[in-house]
Amino acid sequence: MREDSVVGTGWVRHGGRKFSDYLVFNTDHKVIGIQYLALAFFFFILGGLLAGLIRAQLAVPDGQVITGSTYNLTLTLHGTLMIFLWIIPAFTGAGNYVVPLMIGANDMAFPRLNALSFWLLIPGGLLLIASFAAGGAESGWTAYPPLSATAPLGQTLWAAALQFIGFSTIFGAINFIVTIFNLRTPSMKLTQMPLLAWAILATSLIIVLGTPVLSGALLLLIFQRVLGAQFFTPAGGGNPLLWQNLFWFYSHPAVYIMILPGFGIISEVLPIFSRKPIFGYKLIAFSSMAIAVFGFLVWAHHMFTSGMDPFLRVPFMVTSMIIAVPTGVKIFSWLATIWAGKLRFTTSMMFGLSFISMFVIGGLSGIFLASVPIDIHVQDTYFVVAHLHYVLFGGSVMALFAGLYLWYPKITGRMLRERLGQLHFWLTFMGFNLTFLPQHIAGLEGMPRRVYTYAPEFWIWNLLSSLGAFLMAIAVLPFLYNALRSLAAGKVAGPNPWRAFGLEWTLSSPPPVHNFPAPPVVEGDPYGYGERPVPGVSDHKAQVAA
Amino acid sequence: MSEATSTITVHERSASTTGLDTLKLGMWLFLATEVMLFSAMIAGFMDMRGRSPADAHHVLNIPLTAVNTFILICSSLTVALSVASIEQGNQKRLRNFLLLTFLFGGTFLGIQIFEYRHLITGGELAPWSSLFGAGFFAVTGLHGFHVFIGLIWCILTIIKATRGRFSAQNFEQVEIFGLYWHFVDVVWIILFTLIYLL
């Protein structure tokens with residue numbers, strides 16, 4: 001039963017050895033993880049090109065690159081792609097590949113459901129692209145009515161696309177939770193789980209409780225658009241705030257869906273490259289859970305200017321600020337982790353460290369925005385755009401790259417070229433800050449978001465932004481070259497190139513089709529760097545360094 | 001949910017680390033997502049209802065739907081009896097109770113379609129005619145869709161039962177189907193109360 005070979009030959013297979021194994025309905029979590037990552041990266045490029053179009057249009061006041069309507073379509077598709085088909089599936093893919101290995105499982109709990117989750121993204125992606133082609137999806141990724149209720153066909157396709165993607169996410173989350181609880185190797189206690197597994201668990205709980213609410217809201221929207229129901233249109237007596245409430249009930253927790261796995265990845269990267277145990281393991285694990293719970297109590301902070309009961313704004317302001325506490329717990333735990341460590345500034349570590357600093361900037365502007373008086377002032381300005389990109393790019397995407405550089409050797413068996421990695425990092429880091437730092441200022445000076453043109457006094461900030469975006473686009477090239485070339489030409493990695501703890505590093509790179517021949521036995525702290533020898537690393541010097 | 005004998009499921013289903021049954025845990029989580037989905041839909045309905053005239057639901061046929069509700073509750077009883085039957089290894093009773101479940105469920109859906117037809121063609125209520133109608137058809141329609149999926153699942157379970165796939169030791173899939181069916185019934189009782197009775 002357990003021979004190390006690919007099972008099945010047709011359209012249904014288990015395991016990946018040949019390239020064609022990755023193009024079919026494959027039930028191996030490692031193959032599915034790679035499928036997710038590859039597809040998500042494709043959409044990252046596509047979403048990035050759309051961002052380039054936006055920045056080209058905004059490089060000068062009164063830009064003539066695209067029309068206002070096309071601009072709206074572009075920003076809608078950019079936001080929707082980056083959130084639903086890049087960050088979320090990329091984390092799902094990384095989790096799919098790594099989490100079963102980390103917890104000593106041979107696969108996910110429901111392998112076929114896992115494959116289905118991935119393949120549901122394909123109709124979702126195609127429908128999204130069709131929505132762009134059909135025109136009409138111009139209301140941004142938040143799709144506020146009445147515009148989204150009255151816009152042409154494309155908006156319906158957009159809603160249908162998100163239904164597919166929502167199902168994909170929900171099935172994936174159920175799979176993760178059951179896997180983490182039931183397929184964990186018996187000797188691993190919950191408190192010995194790697195923090196990425198904790199983070200994925202918290203994320204999955206948010207998805208289980210949050211994403212169906214988006215499905216419901218989208219169903220109502222489709223009902224309105226197809227059957228002429230008047231849920232969201234004031235003209236028919238409906239309530240546009242109903243959409244906002246349902247949408248943000250999901251979509252605020254969704255920002256934690258997009259950042260908690262990043263927290264998990266950082267909690268793996270920092271101890272490995274600091275050669276120190278993680279500081280505050282339990283605090284980091286439980287603060288993920290706290291964020292998952294509190295994340296459901298803050299949604300109306302997106303609606304401070306939407307005409308909600310002024311008194312209700314106060315409790316939502318308070319709960320939103322409370323979220324900063326468990327997040328701060330993590331930040332300080334990470335700082336204490338690297339404190340006085342033997343830091344190794346690998347590309348993965350560079351992305352990890354930049355994650356902390358960039359995320360802190362985004363987090364602090366988040367506390368600004370949670371405060372009602374400031375929010376009323378800067379709502380729907382570029383300050384919000386700057387904030388969300390510091391969290392989602394400076395946070396989530398930096399963490400994703402930190403994870404990719406960390407696990408690429410495990411996934412492919414080859415090392416990435418470090419110099420190209422550093423080039424990728426520095427170009428990304430500089431391009432990112434050049435793009436989004438000026439947007440804080442433009443926003444505070446009153447430049448509204450989601451408008452295809454702007455007053456001349458904002459020109460300098462926009463020019464800087466557009467230059468930065470160009471730099472970020474260039475930054476992808478060394479990464480792509482590096483990732484593709486190293487597949488064949490990279491140095492052979494061996495099982496544990498980073499001398500890391502963690503069950504995934506006890507297996508060959510790439511791991512055998514069915515992972516562990518027997519349930520692995522776990523002992524001690526999962527991050528016991530400097531406290532006990534790293535298993536499998538025999539080199540004496542390496543052990544001393546470890 | 002799926003056949004355990006597929007050729008591609010090569011890794012043995014290992015014993016669960018928590019002791020919780022893997023398939024059941026997955027199903028309970030799925031039902032949690034369903035609870036959230038229906039909560040969102042019910043919130044939408046209640047909002048629309050609050051914006052409608054107080055007597056908006058007077059066009060609904062309450063006695064007929066009360067009978068329909070009773071029929072659906074009967075199907076919950078028969079699904080519970082089918083699980084109890086196979087627990088004792090009684091294949092024939094399992095099959096019969098599943099068939100009864102299908103009949104009750106099918107009757108429920110039939111009456112619901114009859115009610116829809118009557119309301120829409122009679123010009124009394126439609127999704128586009130009023131806010132109450134919008135909420136009514138969205139939320140009962142989603143429930144009816146769940147009954148429909150349940151009926152398909154029921155047929156598949158009956159086919160497996162007829163082929164003797166289940167035994168006193170192996171009836172988890174019947175239980176999983178039962179969980180779903182009970183959930184759909186419970187949702188209906190809530191909907192009946194909120195839409196028809198209040």
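Using the Karplus relation 6.51 cos²θ - 1.76 cosθ + 1.60 with θ = phi - 60°, the per-residue 3J(HN,Hα) values for the range B:112-122 come to 5, 5, 4, 5, 4, 4, 4, 5, 6, 6, x Hz, with x marking Gly and Pro.
In degrees, nearest 10, range 0 to 90: what is the angle between the Cα axis of helix A:121-134 and the longest Cα principal axis of chain A? Rounded to the nearest ten degrees, it is 30. Partner shielding of A:170-182 amounts to 5, given as the average count of beta-carbon atoms from other chains within 10 Å of each residue beta-carbon. With Cα atoms defining each centre, the range A:210-262 and the range A:43-75 are spaced 26 Å apart in the structure. Placing unit charges on the Cβ atoms only, positive for Lys and Arg and negative for Asp and Glu, gives the protein assembly as shown a dipole magnitude near 1600 debye about its Cα centre. Where does the charge balance sit around residue A:462 when Lys and Arg score +1, Asp and Glu -1, over other residues with C-beta under 15 Å from its C-beta? Summing Lys and Arg as +1 and Asp and Glu as -1 gives 0.
The helix-based estimate of mean residue ellipticity at 222 nm for chain A, built from -39,500 (n - 2.57) per DSSP H run of four or more residues and divided by its residue count, is -21000 deg cm²/dmol to the nearest 500.
Remark on chain B: hydrodynamic radius 18.4 angstrom, per the Kirkwood mean of 1/r across alpha carbon pairs.
Pairs over the 32 Å Cα-Cα cut-off, from the set A:18/A:282; A:282/A:410; A:30/A:276; A:18/B:24; A:330/A:491: A:18/A:282; A:18/B:24; A:330/A:491.
Can you work out the Karplus-derived ³J(HN,Hα) for every residue in the range A:197-211? Use 6.51 cos²θ - 1.76 cosθ + 1.60 with θ = phi - 60°, whole Hz, and x for glycine or proline. Along the range A:197-211, the couplings run 5, 4, 5, 5, 4, 4, 4, 5, 4, 4, 5, 4, 8, x, 4 Hz. Computed from backbone phi with θ = phi - 60° and the Karplus coefficients 6.51, -1.76 and 1.60, the 3J(HN,Hα) list for the range A:272-279 is 4, 9, 10, 6, 9, x, 5, 8 Hz; x is used for glycine and proline. Run lengths n ≥ 4 of DSSP H only: what is the helix-derived mean residue ellipticity at 222 nm for chain B, with -39500 (n - 2.57) per run over all residues, to the nearest 500? Helix contribution divided over all residues of chain B: -25000 deg cm²/dmol. Once backbone amide H atoms are built at 1.01 Å from N, residue A:414 has A:493 as its partners under 5 Å, excluding neighbours fewer than 5 places away on the same chain. When you filter the trypsin sites (Lys or Arg not before Pro) in the range A:288-358 for DSSP loop state and at most 15 other Cβ atoms inside 10 Å of their Cβ, you are left with A:342, A:344. For chain B, the longest principal axis of the Cα atoms and the long axis of helix B:172-191 meet at an angle of about 10 degrees.
Let me know the mean shielding of A:211-218 by other chains, meaning the per-residue number of their Cβ atoms within 10 Å of its Cβ. Shielding by partners across A:211-218 averages 6.
Count Lys and Arg as plus one, Asp and Glu as minus one, and take only other residues whose Cβ is under 11 Å from that of residue A:340; the net charge is then +3.
Working note: Cα atoms of the range A:25-545, range along each principal axis, descending, whole Å: 73, 45, 45. May I ask which residue of A:339, A:221, B:84 lies farthest towards the positive end of the charge dipole of the protein assembly as shown, with charges of +1 (Lys, Arg) and -1 (Asp, Glu) on Cβ and the Cα centre as origin? Most positive-ward Cα: A:339. Ranking B:106, B:137, B:167 by Cα position along the charge dipole of chain B, where only Lys, Arg, Asp and Glu carry charges on their C-beta atoms, puts B:167 farthest toward the positive end. Principal axis extents of the C-alpha atoms in the range A:319-382 (largest first, rounded to whole Å): 45, 24, 13.
Against chain B, whose longest principal axis comes from its Cα atoms, helix B:22-50 is set at around 0 degrees. Which is the longest run of chain A containing none of the GluC sites (Glu not before Pro) found in DSSP loop states (not H, G, I, E, B) with at most 15 other C-beta atoms within 10 Å? Looking at chain A, A:4-444 is the longest stretch - no exposed GluC sites (Glu not before Pro) with at most 15 other Cβ atoms within 10 Å. Remark on residue A:184: its backbone amide H falls under 5 Å from those of B:17, a criterion applied only to residues 5 or more positions apart or on other chains, H modelled at 1.01 Å from N.
A Förster distance of 51 Å, applied to the separation of the beta-carbon atoms of residue B:55 and residue A:322, puts the FRET efficiency at 0.70. Summarising the label geometry, the points placed 7 Å from Cα in the beta-carbon direction at residue A:9 and residue B:62 lie 6.7 nm from one another. Along Cα→Cβ, 7 Å out, is where each label goes; now give me the distance between the ones at residue A:190 and residue A:19 in nm to one decimal. It is 4.6 nm.
Shielding of peptide A:102-111 by partners, expressed as the average count of other chain Cβ atoms within 10 Å per residue Cβ, is 3.
Only aspartates and glutamates eight or more places from residue B:160 in sequence, or on another chain, were considered; those with a Cα closer than 18 Å are B:3, B:87, B:172, B:175.
Net charge dipole, chain B: roughly 420 debye, given to the nearest 20, about the Cα centre with Cβ charges of +1 for Lys and Arg and -1 for Asp and Glu. Between residue A:26 and A:13, the built amide H atoms are under 5 Å apart, and every one of these is 5 or more places off in sequence or on another chain. With a 10 Å cut-off between alpha carbons and a GNM built on chain B, which of B:46, B:36, B:27 moves the most? Evaluated over chain B, the most mobile residue of the options is B:36.
Quick check for you: which residues of the range A:334-378 have the amide N under 15 Å from the point 7 Å beyond the Cα of residue A:275 toward its beta carbon? Within reach of a label on residue A:275: A:338-346. In this rough spin-label picture, where each label sits 7 Å from Cα along the Cβ direction, the residue A:286-residue A:64 distance is 6.3 nm.
Values quoted throughout were computed directly from the atomic coordinates according to the rules given, and no laboratory measurement underlies them. Remember, it's a predicted structure, so these values are computed and weren't measured experimentally. Note that each Cβ is placed from the backbone with ideal geometry, even for glycine, and that neighbours are counted across all protein chains shown.
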